[in-house]
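Each remark here refers to the structure printed beneath this line.
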Amino acid sequence: MKTYQLAKLHAHTKQLLHQVVTTQQAIEIKLPAQRSVVVMSKDRYAQLLELNYLWETGSLPAALQQLDLEADVG
């Protein structure tokens, strides 16, 4: 994940946000006081929410197994 200073986000907001959406790669923005935020696309965020749901419900191993079976067939 690439890291940028807050000033870079201010100066190049449109470019950086377009980069996030087109590459599906999150970026980290450094804030004062050694804090930071991560910017990611809405699609990637939805994927992470789904993965988290599968993890919390205990169904992630079954979902991964199903994917392996489908990959073997296809």
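Here, each number is a calculation from the coordinates, and none is a lab measurement. Fair warning: this is a prediction, and the values are worked out from it, not measured in the lab. Cβ atoms come from the backbone with ideal geometry, glycine included; neighbour counts cover every protein chain shown.
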Of all residues in the stretch 7-35 being among the aliphatic types (A, V, I, L, M) and surrounded by 13 or more Cβ atoms within 10 Å (Cβ to Cβ), the one that is nearest to the chain's Cα centre (by Cα): A26
Top-ranked residue in the stretch 26-65 [being assigned to a strand (DSSP E or B) and in contact with a Ser or Thr (Cβ under 9 Å, 6 or more places away or on another chain); ranked as farthest from Y4 (Cα to Cα)]: S36
First in the stretch 12-25 and outside any helix (DSSP H, G or I), second anywhere and among the aliphatic types (A, V, I, L, M), Cβ under 8 Å, 6 or more apart: Q25/M1
